[in-house]
Amino acid sequence: MEKLLIVADLGCFKAFRMCPDEMNGSVALQLIKHYENTDAHARQGERLTDQAGRFPGGKSGEAGGMGYGENHNEKSETRKRLIERLAKSLNDLLEEEKFDGWFLAAPKEINQQVLDRLENGASALLKKNLSLDLTKAGKKELLERFC
């Protein structure tokens with residue numbers, strides 16, 4: 001069976017199949033899944049409406065200005081949602097393809113959180129885990145770090 005290489009951060013997910021080339025003994029990377037998560041890079045104003053008036057600001061029964069409300073924990077909720085989506089993509093891919101091993105590179109800030117959300121048995125197949133953001137690294141650099 002083949003191995004899987006995952007490089008990810010909150011805004012990008014790339015999955016490569018590691019295909020051994022028996023002719024010259026090297027490994028080739030084939031991109032099998034890639035997505036960019038626009039929510040990770042969007043500003044709050046791009047995700048939310050700026051319409052005032054969602055919450056009454058005056059006393060009941062009186063006319064008055066409408067409060068703007070507050071977005072309590074909006075950043076942490078967005079981050080949590082992005083990590084859960086990343087972990088779900090990884091779990092789905094590991095379940096669909098049945099790789100005999102896999103490698104992960106994710107920034108230190110999210111690496112353990114992603115690993116904590118893996119389904120049963122997935123972490124047992126993890127061969128190497130780097131707490132680095134390698135989403136912009138080329139295939140050559142990825143092979144140097146994981147092979």
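Each reported figure results from applying straightforward, stated rules to the coordinates on display, with no laboratory input. Fair warning: this is a prediction, and the values are worked out from it, not measured in the lab. Neighbour counts are summed over all protein chains in view; Cβ atoms, including those assigned to glycine, are modelled from backbone coordinates with ideal geometry.
With label points built 7 Å along Cα→Cβ from the Cα atoms of Leu31 and Ala124, find their separation and express it in nm.
It works out to 3.4 nm between the two label points.
Roughly how many nanometres apart are two label points built 7 Å out from the Cα toward the Cβ at Glu22 and Asn73?
5.4
What is the distance, in nm, between label points placed 7 Å from the Cα along the Cα-to-Cβ direction at Leu115 and at Ala137?
Each label point lies 7 Å from its Cα, and together they span 1.6 nm.
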